[in-house]
Amino acid sequence: MSVSIYDVAKRSGLSVVTVSRVINQASSVRESNRQKVLQAMKELNYRPNSAARSLARGKTGTIGLVLATLQDSVFEGIVREVNEQLEELGYFLALSIDHSFNSKLNRVSNYLFQKDRVDGIILLSSIHEVEYIQELRSKKIPFVLIDNHDLSVKATMIRVDNYAGGALAAQHLLDLGHRDIGLIYGPQHLLSARERKQGFEQVLADNGITPVISTEAEFEIGDGFRVAQNWIKQGVHLTAIATADDFMAWGVIQAYHEAGLRVPHDMSVIGYDDQDFACDVHPSLTTVRQPTESIGREAVKRLAAMLNQDLEVGKSEVEGQATTQGLYHERQELIKFQPQLLVRSSTSSII
């Protein structure tokens, strides 16, 4: 079994970001942390594929990935797959958390966005998408977008069909006989959250139903708990609640448990994302899964094609919509993956 950068991070007790910086000889790493990483690499006999890296066509052998948080197993799954695919191509992966306001420049910026630091960038659900795209284009750094928020941008975009995911959740509850349904939807400045809400509500509307009550909330356990607790106090009659993500859903379940009500006997609850904990909690969480491995694999494939300046991307594992003229950074390409409904123990038919 091969050793990965994640194994080195676990052994050293440091983050994957720090390990990545040590591997890439960044000067910003504390010497004590550098020694911990080097010791862990030695103990695990971890050696980056330098031979393959020397064959890479980029100048630095490093690909940057910018993401909003590491506290999300969906993002983690994508990052893992990206890392594995890049290792096969001889590239290192450098991670950056998306909170970069440069006070000196008085604008949003990211330390990775320099051609002498990375050969390409993957933006994963970036909250500074517009500003980052402008900067990357001005510096002529190839990039791909995952779970982006603006579909009008001329770029390679890799997304999940969140509208279809919302529709799957709604249809599942209808098939179980539920009609008194509540909806906790995600922040509407996020395209994925809007799409999930639209897909869910459209399926209900097609069946002559509207949610009994709906509320916007953050993707957090505490928000799901507070919303459900308020609905319970208000005496809102529901038989099922759909949420925009699994953290919200678990908060809802905890609120009903605290009120002495049982899931799914008294209330069916469905989440979204298939976070790592979803199959381990009790009741296990019915949810909509995002194909993280396929997303990560496709992102690397598309970026590698850009780095090789190959406009013939080849047959993708999904059907995408793309123009065929112009350079990659001048064209629009949308690749959509389909989500999957996973039925577990938190939903049941009306008794």
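The values are calculated or read from the model by the stated rules, or taken from the named source; none is laboratory data. In this text the structure is predicted, and so the values were computed from the model without any measurement. As a convention, Cβ positions derive from the backbone with ideal geometry for all residues, glycine included, and neighbour counts pool all protein chains shown.
Some values worked out for this structure:
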item: All positions within segment 291-314 that are closer than 14 Å to GLU333 by Cβ and modelled with pLDDT under 85; result: ASP310, LEU311, GLU312, VAL313, GLY314
item: Residues of segment 159-184 satisfying the condition of being in contact with a Leu (Cβ under 8 Å, 6 or more places away or on another chain) and in a loop (DSSP other than H, G, I, E, B); result: ASP180
item: Pair list, Cβ under 7 Å, 6 or more apart: segment 291-316 residue hydrophobic (A, V, I, L, M, F, W, C), other residue in a helix (DSSP H, G or I) and at pLDDT below 90; result: ALA304/LEU89; MET306/TYR328; VAL313/ALA305
item: In segment 71-111, the residues that are surrounded by fewer than 20 Cβ atoms within 10 Å (Cβ to Cβ), at pLDDT below 90 and within 21 Å of VAL19 (Cβ to Cβ); result: GLN71, GLU87, GLU88, GLY90, ILE97, ASP98, HIS99, SER100, TYR111
item: Candidate set: segment 212-230, residues that are surrounded by fewer than 21 Cβ atoms within 10 Å (Cβ to Cβ) and closer than 18 Å to HIS178 by Cα; chosen: the one farthest from the chain's Cα centre (by Cα); result: VAL212
item: Residue that is β-branched (Val, Ile, Thr) and in contact with a Ser or Thr (Cβ under 6 Å, 6 or more places away or on another chain), where the choices are ILE221, ILE158, ILE184; result: ILE184
item: Residues of segment 206-219 that turn out to be among the polar types (S, T, N, Q) and assigned to a loop (DSSP other than H, G, I, E, B), as a count; result: 2
item: Any hit, segment 140-161, residues being in contact with a strand residue (DSSP E or B) (Cβ under 7 Å, 6 or more places away or on another chain), aliphatic (A, V, I, L, M) and closer than 30 Å to HIS237 by Cα; result: no
item: Filtered residues of segment 133-151 (kept if over 17 Å from ALA304 (Cα atoms) and buried (at least 23 other Cβ atoms within 10 Å of the Cβ)); result: ASP147, ASN148
item: Scan of segment 239-261 for residues that are touching a residue at least 40 places away in the same chain (Cβ under 8 Å) and buried (at least 23 other Cβ atoms within 10 Å of the Cβ), ordered by number; result: ALA240, ILE241, ALA242, THR243, ALA244, ASP245, ASP246, MET248, ALA249, VAL252, ILE253
item: Lone qualifier among ASP266, ASP273, ASP246 - being charged (D, E, K, R) and touching a strand residue (DSSP E or B) at 6+ places or on another chain (Cβ under 6 Å); result: ASP246
item: Restricting segment 114-144 to residues that are in a loop (DSSP other than H, G, I, E, B) and among the hydrophobic types (A, V, I, L, M, F, W, C), the residue that is nearest to the chain's Cα centre (by Cα); result: ILE127
item: Flag if ASN33 is crowded, with 17+ Cβ neighbours inside 10 Å and at pLDDT 90 or above; result: yes
item: Filter result (farther than 14 Å from LEU191 by Cβ and modelled with pLDDT of 95 or more) within segment 143-154; result: PHE143, VAL144
